[in-house]
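Visitor: One structure, pasted below without further comment.
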Amino acid sequence: MVHNTDTSVVTIERFIIEQEALHPHASGDLSGILRDLALAAKMIASKVRRAGLVDILGTAGSENVQGEMQQKLDLFAHETIFKAMDHGGRLCAMASEEVEHLIPIPEQFKRGKYVLLFDPLDGSSNIDVNVPVGTIFSVVRRVTKGDHGTIDDMLQPGRKQVAAGYVVYGSSTMFVYTTGQGVHGFTLDPSIGEFLLSHPDMKIPAHGRYLSVNDAYEQHWTEPVRALMRRYRGLDGKRDAMNVRYIGSLVADFHRNLLGGGVFAYPVNAKSPSGKLRLLYECNPLALICEQAGGAAIDGVHRLLDVKPTELHQRSPLYIGSKADVDIALQMLAGTTNRHT
Ligand code: AHM
Ligand code: MG
């Protein structure tokens, strides 16, 4: 469904209801999860907006106020999502990058058929310099039968996700999600407190301008990764040089490349031998969005969505973005161990 945004104002609530109507057998549970997440996103956005005021409004005089605020915002975001999602009767368990183990649904609430995995506030070390941060989420259908969800419900390959999305708290707040029928973006109008459809059916350019990688790790990369980065930079004469853009805040870097095209890479390096980013909370949800937008996402040698996770907090290398640019990584890294030894 493509809306004419010149003439119609479509709230995220209405969009979700209209999408649900396309599936006559839908129970409404997934729609409810998305609506609850949109509410949590608004609450987090409002808090993040005030982060810079902490020195004048907060506990002035105490040490390391900014640092504490960052910490608190991570936990605030975690708690906000948990509290928005624990009582809807739609989830049987949750997992958060901020928490070591699976998070059960409290006994007093009904359990449902879905599992939610999330990174509550990614890139939060950037808050004290006013750089965008983000929330990332992933929803899968449970596969176990008991009352509560288990780790087996969490450790499913990314292709099993029924919904995934992110929120970027930038110069405006955007909520971007997919349920497997394209990628749709909504911008928060703070004056009315509503996410409005601003980017229907988002598509990533087939190849792009931007290379996003932290090349301070160059000395710690493997030789195939170094060769790949030389290719992206046009230094081996085999393609035009890309422009380097690296915020260091995954959601913001990914969002820019989704709109402008290009590739984000977080390769293995000697300091992070298996990569830094988390497969379940960061890589998989963005991989589903990217594929739905016509792009690609790999761990270097495999399609990310086919990787079978073995641990909740598993790390993975990540190459994500425009298909033609990711394919170059796939070709140049084929046959490598994809681990720094
Ligand atoms: P976090 O989950 O501790 O916030 O770390 C994740 C962040 C990503 O947003 C970003 O892409 C990456 O770490 C940057 O790492 P580096 O500073 O090593 O380049
Ligand atoms: Mg993170």
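Visitor: On average, how much accessible surface per residue is there in the chain, in Å², for a 1.4 Å probe, leaving out ligands, DNA and RNA? Show your work: numbers first, answer last.
Guide: Numbers: 14820 Å² over 341 residues.
In whole numbers, the chain has 43 Å² accessible per residue.
Visitor: Here is a follow-up. In whole percent, and with a 1.4 Å probe on the protein chains, what portion of the accessible area of segment 85-235 is carbon and sulfur?
Guide: Values: 3030 of 6120 Å².
Using a 1.4 Å probe with all protein chains present, segment 85-235 comes out at 49 percent carbon and sulfur.
Visitor: To the nearest 10 square angstrom, how much accessible area does Tyr210 have with a 1.4 angstrom probe?
Guide: 30
Visitor: Here is a follow-up. Compute the relative contact order of segment 102-223 as a whole-number percentage, counting only Cα pairs closer than 8 Å that sit 6 or more residues apart in sequence. Let's see the in-between values first.
Guide: Details: 179 pairs, mean separation 18.7, N = 122.
Normalised by residue count, the contact order of segment 102-223 is 15 percent.
Visitor: May I ask you to rank Glu98, Glu107, Glu223 by accessible area, largest first, using a 1.4 Å probe over the protein chains only?
Guide: Working: Glu98 70, Glu107 130, Glu223 95 Å².
So the residues, ranked largest to smallest area, are Glu107, Glu223, Glu98.
Visitor: Suppose accessible area is computed on protein heavy atoms with a 1.4 Å probe; arrange His25, His78 from highest to lowest.
Guide: Order by accessible area, largest first: His25, His78.
Visitor: Taking the Cα centre of the chain as origin and charging only Cβ (+1 Lys, Arg; -1 Asp, Glu), how large is the dipole, in debye to the nearest 20? Spell out each step's value before the answer.
Guide: Values: 35 positive and 38 negative charges, 151 e Å.
Dipole magnitude for the chain comes out near 720 debye.
Visitor: Check the chain and count each lysine pair with an alpha-carbon distance under 24 angstrom, considering only pairs eight or more places apart or from different chains.
Guide: Eligible lysine pairs with Cα atoms under 24 Å apart amount to 25.
Visitor: Relative contact order of the chain, please, whole-number percent, based on alpha carbon pairs below 8 angstrom and at least 6 residues apart. Please report the intermediate quantities before stating the final value.
Guide: Details: 732 pairs, mean separation 52.7, N = 341.
The value is 15 percent.
Visitor: Same structure again: With point charges of +1 on the Cβ of Lys and Arg and -1 on the Cβ of Asp and Glu, referenced to the Cα centre of segment 192-277, which listed residue (Gln219, His199, Pro267) lies farthest in the positive direction of the dipole?
Guide: Result: Gln219.
Visitor: Take Thr310, Thr144 and sort them by solvent-accessible surface of the protein heavy atoms, 1.4 Å probe, largest at the top. Provide the component values of the computation, followed by the final result.
Guide: Numbers: Thr310 100, Thr144 35 Å².
The ordering from most to least exposed comes out as Thr310, Thr144.
Visitor: For segment 91-102, in order, what is each residue's ³J(HN,Hα) by Karplus, 6.51 cos²θ - 1.76 cosθ + 1.60 with θ = phi - 60°, in whole Hz (x at glycine and Pro)?
Guide: Once rounded to whole Hz, the list reads 10, 10, 5, 9, 9, 10, 4, 7, 10, 5, 10, 4.
Visitor: Lys110 accessible area, nearest 10 Å², 1.4 Å probe?
Guide: So the heavy atoms of Lys110 present about 150 Å² to solvent.
Visitor: Would you kindly find the accessible area of Leu102, with a 1.4 Å probe and non-protein molecules such as ligands, DNA and RNA excluded, rounding to the nearest 10 Å²?
Guide: The accessible area of Leu102 comes to roughly 50 Å².
The values are calculated or read from the model by the stated rules, or taken from the named source; none is laboratory data. These figures come from a predicted structure and were not determined experimentally. With ideal geometry, Cβ positions are generated from the backbone for all residues, glycine too; neighbour counts draw on all protein chains shown. We work out accessible area using only protein heavy atoms, side chains counted, and drop any ligands, DNA or RNA first. Shrake-Rupley method; radii C 1.70, N 1.55, O 1.52, S 1.80 Å.
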